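The values are calculated or read from the model by the stated rules, or taken from the named source; none is laboratory data. The structure presented is a predicted model; accordingly, all values stated were derived computationally and were not measured. We place every Cβ from the backbone using ideal geometry, glycine too, and count neighbours over all the protein chains shown.
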């Protein structure tokens, strides 16, 4: 199987490869649903200062096997990378995962030695030294087809059986079809397609990935990684709650104190996907008829800030916070749209909506 060298990263030095700790991959039995379907695994843990300086490891891979690699440290690892036997980078962090965690999935193009740089970032206190690296190995069970895209936008179709599909770069469209499939979009805004309506499937978040269960068993159970959108026959689902989909959803709560309508949400997701900034979209919300109906034709800065607090925190503002934001607007240090975008992306607004967003949010695609 051919593979490409990543152009934006340096190679390992001979010293780094020589000093890399070897990780064997013994048989693996997951203790929970996480890791189900993998045959072998390696897990390294450390809790000492300076572990980040010894973050390169090696293992023996099998051609065609699927590897799921997760690196964790106090701060977010820099860039989780896999290197080939010559020390050249061939797979990179999928940009997903929680804070303090990086993840990647790739198919081994040959049997032999691989290296991984966990890229840990420890803090300066004793309580911040814990790091870990896990490698899960699926040795390609019988009849699993591996279907790979390119660095460009691809339309990938699976088979009637089990498939491992990898979009890599570009905005990809993946259709797994029947069977239990693994769909990995890679970078870009990637979409998984299903023939049935939304009610025929159950979507469940599993960390930064998603399971899609066919309630009738026709399409099997699929695991999605780095898939931002799901397109069902009757509606679409935005899974990128930390990306454009989530930004558009949260803006409705901060500005209008309501759940988005599916058509409107689809329109604003499309604008963000096409390059509009959150501040620009916030400006459109502020200029809308709905905003004027809720806030009045010429609302004072005091009234606007009070309403933002009520929408996001469900309470009146504290005096210090109120004074701060009113002064920002009074002195024209920022616009109403800018302040709205801040409230929309605040930790408090995210916290109150995460339960509603965690398994994706429904919208109608904007043509």
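Here are the numbers:
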{"read-out": "Residue in segment 94-108 that is in contact with a strand residue (DSSP E or B) (Cβ under 9 Å, 6 or more places away or on another chain), under 21 Å from residue 6 (Cα atoms) and modelled with pLDDT of 95 or more present", "value": "no"}
{"read-out": "Some residue of segment 279-289 being farther than 21 Å from residue 239 by Cα, surrounded by fewer than 19 Cβ atoms within 10 Å (Cβ to Cβ) and within 24 Å of the chain's Cα centre (by Cα)", "value": "yes"}
{"read-out": "Tally of residues being in contact with a strand residue (DSSP E or B) (Cβ under 7 Å, 6 or more places away or on another chain), part of a loop (DSSP other than H, G, I, E, B) and either modelled with pLDDT under 95 or farther than 17 Å from residue 178 by Cβ (or both) across segment 194-227", "value": "5"}
{"read-out": "Enumeration of residues in segment 177-193 that are at pLDDT 95 or above and more than 20 Å from residue 241 (Cα to Cα)", "value": "none"}
{"read-out": "Residue 90 being outside any loop (DSSP other than H, G, I, E, B), in contact with a strand residue (DSSP E or B) (Cβ under 9 Å, 6 or more places away or on another chain) and either at pLDDT 85 or above or in the same structural domain as residue 209 (by TED's automatic domain parsing) (or both)", "value": "yes"}
{"read-out": "Failed item in (1) at pLDDT below 85; (2) closer than 24 Å to residue 124 by Cβ; (3) not in a loop (DSSP other than H, G, I, E, B), with residue 46 passing the rest", "value": "(1)"}
{"read-out": "All positions within segment 164-193 that are in a loop (DSSP other than H, G, I, E, B) and more than 24 Å from residue 272 (Cα to Cα)", "value": "176, 177, 178, 179, 180, 181"}
{"read-out": "Hey, residue 24 surrounded by fewer than 18 Cβ atoms within 10 Å (Cβ to Cβ), out of contact with any helix residue (DSSP H, G or I) (no Cβ under 9 Å at 6 or more places or on another chain), modelled with pLDDT of 95 or more and not in a strand (DSSP E or B) or not", "value": "yes"}
{"read-out": "Positions within segment 1-16 being exposed (fewer than 12 other Cβ atoms within 10 Å of the Cβ) and at pLDDT below 85, in sequence order", "value": "1, 2, 7, 8"}
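Yes/no matrix, rows are residues, columns are (1) part of a loop (DSSP other than H, G, I, E, B); (2) surrounded by 13 or more Cβ atoms within 10 Å (Cβ to Cβ); (3) touching a residue at least 60 places away in the same chain (Cβ under 8 Å):
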residue	(1), (2), (3)
294	no, yes, no
299	yes, yes, no
305	no, yes, no
312	no, yes, no
316	yes, no, no
320	no, no, no
327	no, no, no
334	yes, yes, no
